[in-house]
Amino acid sequence: MTNDIDYTSPSAHFKFDMNNSTLFKKDNQNFINILGIKQLNTLQNTSLLDIYLSKGNVVEPHYHQNAAELVYGISGAATISMLNPNTKQYLHYSITPGQVVNVPQGWWHYEIANADNTHLLAIFDAPTPEVVLGSDILKFTPASIMAHTYCMDEAQWKQTTAPIQPTTYIGPSCSTNQQSPAHTYHTPPHVYQRYVPYPFY
């Protein structure tokens, strides 16, 4: 698919500073910057997430329903884990600078930093990747449905999932007193589209 881009137009932009485009910030060592067609209007089927993590931090389980993802290691070390929907088996790949992992479109996956100052670049084959986040699924699926479907105690499910914050992006999102830190979600949802399951109550 190609977009009709007038490269002669004064409104066509060819440069952008991702440092000014934060998608999500947990703290100064754990944040994600974004580049998509909303930031750079001459992009076609490419977008990027610039991911910074300290050791033990996780880009939460999620999937991209409209894009494959190529994760490139710039610094530090990380493990990229994904569920192969065909074999129902998890695949785990540890990467260091210069190494890449390909996550096919629609595969459930997550990234965990194995070292401080880990820097990853996630490259997508879509101008604006869509995302379904694990925290949103857990938070917005009605507790009564989870309890009924999986034969669980509804009160226990509610208690277990109570600390989960929607749109976590980078975890852990808890502290020793079980209160979540104030995460900052900078970018309007239309810039990095995410599907939120409708809460059928």
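Points worth noting:
- Cα centre as origin, Lys/Arg/Asp/Glu Cβ charges: the range 20-185 dipole, Debye: 100
- Top of LEU91, LEU43, LEU121 by mean-square fluctuation, Gaussian network on the chain, Cα under 10 Å: LEU91
- Estimated from the Cβ-Cβ distance and a Förster radius of 41 angstrom, the FRET efficiency linking GLN89 and ASP4 is about 0.45.
- Computed over the chain with a Gaussian network model linking Cα atoms closer than 10 Å, the most mobile of PHE140, PHE31, PHE124 is PHE140.
- Residue with peak Gaussian network fluctuation, the chain [Cα springs, cutoff 10 Å], from HIS148, HIS64, HIS92: HIS148
- Residues ASP125 and ILE74, FRET efficiency given R0 of 25 Å [Cβ-Cβ distance, rounded to 0.05]: 0.80
- Gyration tensor (alpha-carbon) shape descriptor, the range 1-51, a/c threshold 1.5: prolate
- Taking the helices alone, the chain has a mean residue ellipticity at 222 nm of -3000 deg cm²/dmol, built from -39,500 (n - 2.57) per DSSP H run of at least 4 residues and averaged over all its residues.
- The range 20-185 - Debye-derived log10 I(q)/I(0), Cα point model, q = 0.20 Å⁻¹: -1.38
- Between ILE5, SER94, PRO142, the Cα set farthest toward the positive side of the dipole of the chain (charges on each charged residue's Cβ, about the Cα centre) is that of PRO142.
- Between VAL100 and GLU154, the FRET efficiency from the beta-carbon distance, with R0 = 35 Å, is close to 0.25.
- Residues of type aspartates and glutamates that LYS26 reaches as a straight line, Cα spacing below 19 Å, ignoring anything fewer than 8 places off in the same chain: ASP50, GLU60, GLU111, ASP116, ASP136
Coordinate-derived values only; no laboratory data. Because the structure is a prediction, the values reported are computed rather than measured. Using ideal geometry, Cβ is built from the backbone for each residue, glycine included, and neighbour counts are taken over all protein chains shown.
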